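One structure is given here, and the rest of the page talks about it.
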Amino acid sequence: MATMAGLSRSQLKELTRIVGDRGVRTDAGAKSAYESDGFMLERAAPSVVVLPRSTQEAAQAVRVLRDAGLVIVPRGAGTGLSGGARPIAGGAVLGTARMREVLEVNEVDRYARVQAGVVNVHLSNACDSAGLFYAPDPSSQTACTIGGNVGNNSGGPHGFRYGSTTRHVLGLTLVDADGEITELGGAFPDPCHGYDLIGPLVGSEGMLGLVTEVTVKLLPQPETVETLLCLFEDLDACCDAVSEMIARRLEPSAIEILDRLTIEAVEASVLRAGYPANAEAVMLIEVDGGAHEVAATSEDILQVAKEFGAFDSRRTSDPKERKKLWAGRKGAFGAMGRIAPDLYVADVVVPRTRLREIVQVAAEACTARGLRLANVFHAGDGNLHPNISYDRRDKEEVSRVVEAGAIIMQACVDAGGSLTGEHGVGLEKQDEMCMLFSNDDLGAMKSLKAVFDPAEFWNPGKMIPVRGCREIHTKPLPIDQGEVVS
Ligand SMILES: Cc1cc2nc3c(=O)[nH]c(=O)nc-3n(C[C@H](O)[C@H](O)[C@H](O)COP(=O)(O)OP(=O)(O)OC[C@H]3O[C@@H](n4cnc5c(N)ncnc54)[C@H](O)[C@@H]3O)c2cc1C
């Protein structure tokens, strides 16, 4: 691993010359603003935050940081929920907050080229007038960046139909540990000339280099879009209805579920969406395509919901109403701030037929530990987000949260699922990787990292467990890596 030396006065001056005064921060305010991402349990202060404006500036800055012996954590908006963008104490943060330009929207060939710091929703806004859109739509899309989406291979409600980020990236510009710039792919699908190196980079959680520009596919906006809201008295039945919809070959673009506690939090917030207070669970569905296809699919979906006990439903194609219904869903994590100061957002995946079982495991794990659980999830993808409210100042409560999280993850792995659907591994699930992978598997991942980053310069100590699996042996651990500051 690269050593943790410090920047000399002349290196600091050189960084300032490259990125300008506003691009180098060493003050206490910046250190505290950058000390964690959305995974609030883990904090560590960097020694410097560097914010380049272009690929060239980023490459030059990397050379200075490398000469200073500082490890680097790439950062977009810091909305990640697994600690991937948490700094390494005393190291550098290389952020893309000043790389916000949409460089090209090509309507004819249907692609866009953007700087990595472009906010997800700004990309769809930029191509709206051309009748195009960018499909991956994380619920954090008003803040998170395209570079961060690449880092975590992010999904979103519409990932059900359109897939996660990896299905939409055509090309990348990468700055490596030597400060070299590499172009991978381009505006058109590569006709298989050599290895596909974009694959390993999407979802690499900032461990292989800094992505500075991204070329993505754009899709034509659908002719018709309908949003459906189905109300259930029972969360289990709501989960089972999802499996049945898929079994009947229905293909909406999104199927989301919110439980009662989430509904209450949303309805008490400024994002009030009109979700009824008498429902134990609501299913929010979107159907898009040609007008006839949408009408038929919506009918069939409402029929299945009814068969599984939905006691009421709504259906709208009015853009304002649809926006309101989705604002409630997309603001759900934020709304939970009303319940407790901190929120642990688990992110696990199971076959859809096992949804109700994991919901129950999560409920039992939390009830037994006196924790409050709310569920909001991408049900169509089998991607659950059990959300546990807590107060990070209460260390004992924190360890109960970590314990409940590990139980939920183990149950998902046992059910044939996975540790993460979209939030990445980061620090949160690093040791739990041993639930899913052997030491040999993890060794292969280390070898891949070594090809890109032999000196462990980029985001070291993340994703791949630092200790061997035999030592960890899937036991839930207290959060103890890095410099934890409360
Ligand atoms: C309210 C809320 C809702 C959310 N909903 C969703 C959701 O629906 N779907 C979903 O997938 N996620 C969701 N997330 C998680 C998060 O927003 C996504 O993971 C998002 O893609 C992170 O983007 P970011 O710009 O904030 O990246 P960061 O958090 O800054 O970084 C994420 C990871 O990518 C790396 N990285 C960042 N930029 C680069 C770069 N330019 N080059 C290389 N590596 C880089 C970082 O090192 C880190 O490992 C949600 C988060 C919140 C707070």
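Structure notes:
- Helix-only mean residue ellipticity at 222 nm for the chain, each DSSP H run of n ≥ 4 adding -39500 (n - 2.57), per residue, nearest 500: -10000 deg cm²/dmol
- GLU293 versus GLU267: modelled label distance in nm, points set 7 Å from Cα along the beta carbon direction: 3.5 nm
- Ordering of 350-356, 116-122 by packing is 116-122, 350-356, highest average first (other Cβ atoms within 10 Å, averaged per residue).
- The listed peptides 244-250, 50-56, 197-203, ordered by packing as a protection proxy, come out as 50-56, 197-203, 244-250 (highest mean of other Cβ atoms within 10 Å first).
- Beta-bridge orientation, segment 9-95: approximately 20 percent antiparallel, per DSSP, counting only bridges with both partners inside.
- Direction-averaged projected area, Cα convex hull, the chain: 22.1 nm², rounded to one decimal.
- Of the residues ASN153, ALA130, MET207, the one whose Cα sits farthest towards the positive end of the charge dipole of segment 102-220 is ALA130 (charges of +1 on Lys and Arg Cβ, -1 on Asp and Glu Cβ, taken about the Cα centre).
- Lysine pairs with alpha-carbon atoms under 12 Å apart, the chain, spacing 8 or more or separate chains: 4
- Ranking of LYS324, LYS330 by count of other Cβ atoms within 10 Å, fewest first: LYS324, LYS330
- Förster-model FRET efficiency, 25 Å R0, ARG372 and ALA277, C-beta, rounded to 0.05: 0.90
- Less than 5 angstrom separates the built amide H of PHE133 from those of LEU219, GLN221, all sequence-distant by 5 or more or on a different chain.
- Each Lys and Arg contributes +1 and each Asp and Glu -1, all at the Cβ; summed about the Cα centre of segment 1-79, the dipole is approximately 220 debye.
- Relative contact order of the chain, defined on C-alpha pairs under 8 angstrom at six or more residues apart (%): 16 percent
Read-outs: derived from the displayed coordinates by stated rules, not from any lab. As the structure is a prediction and not an experimental result, all values here were calculated from the model. Note that we place each Cβ from the backbone using ideal geometry, even for glycine, and neighbour counts take in every protein chain shown.
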